[in-house]
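> Before anything else, here's the structure in question.
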Amino acid sequence: MIGDQVRAIGDKKEYLKTVRENIEALFGKDAQENAALDYQKGRKLGITGFPTLLYQQNDQYGIVSAGYRDYDFLEKIITRLIKNPAEIFEDVAK
């Protein structure tokens, strides 16, 4: 599909320029810089893959799950967190 788009535009540089312009139009000119800052923040929080579900309480973050998890797994974890939100931070400290 991307190959078809590149051929339709004419060359790879023109295609990348078009992609960049579309991203800027959708997200603003600082989109690339903001994305880099988000990735940097993610690394500091211990995020190593996608998807990662975080829980935030005030200025603390905890990782609820990393990688694909089915609904039943996430429901159990979230239900536990609702009952005892501090539990996630206890697990991270261990």
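The values are calculated or read from the model by the stated rules, or taken from the named source; none is laboratory data. As the structure is a computational prediction, the values presented were derived from the model and not from experiment. FYI the Cβ positions are ideal-geometry reconstructions off the backbone, even for glycines, and counts take in every protein chain you see.
> Mind listing whichever residues of the range 39-60 are of a type in the set (Phe, Trp, Tyr) and touching a strand residue (DSSP E or B) at 6+ places or on another chain (Cβ under 8 Å)?
Hit for the range 39-60 is TYR55, nothing else.
> Name every residue in the range 45-79 that is of a type in the set (Phe, Trp, Tyr) and touching a Ser or Thr at 6+ places or on another chain (Cβ under 8 Å), in order of residue number.
Scanning the range 45-79 gives a single hit, PHE73.
> OK, next. Just give me the residues in the range 69-85 being of a type in the set (Asp, Glu) and within 21 Å of the chain's Cα centre (by Cα), in sequence order. Break it down into steps so the answer makes sense when it comes.
Restricting attention to the range 69-85, the residues satisfying the condition of being of a type in the set (Asp, Glu) are 70, 72, 75.
Within the range 69-85, ASP70, GLU75 meet the criteria.
> All but one of (1) touching a strand residue (DSSP E or B) at 6+ places or on another chain (Cβ under 7 Å); (2) assigned to a helix (DSSP H, G or I); (3) modelled with pLDDT of 85 or more hold for ILE88; which doesn't?
Only one criterion is unmet by ILE88, namely (3).
> Just wondering, is there one or more residues in the range 67-81 that are at pLDDT below 85, exposed (fewer than 11 other Cβ atoms within 10 Å of the Cβ) and not basic (Lys, Arg)?
Looking for residues that are at pLDDT below 85, exposed (fewer than 11 other Cβ atoms within 10 Å of the Cβ) and not basic (Lys, Arg), one finds none in the range 67-81, hence no.
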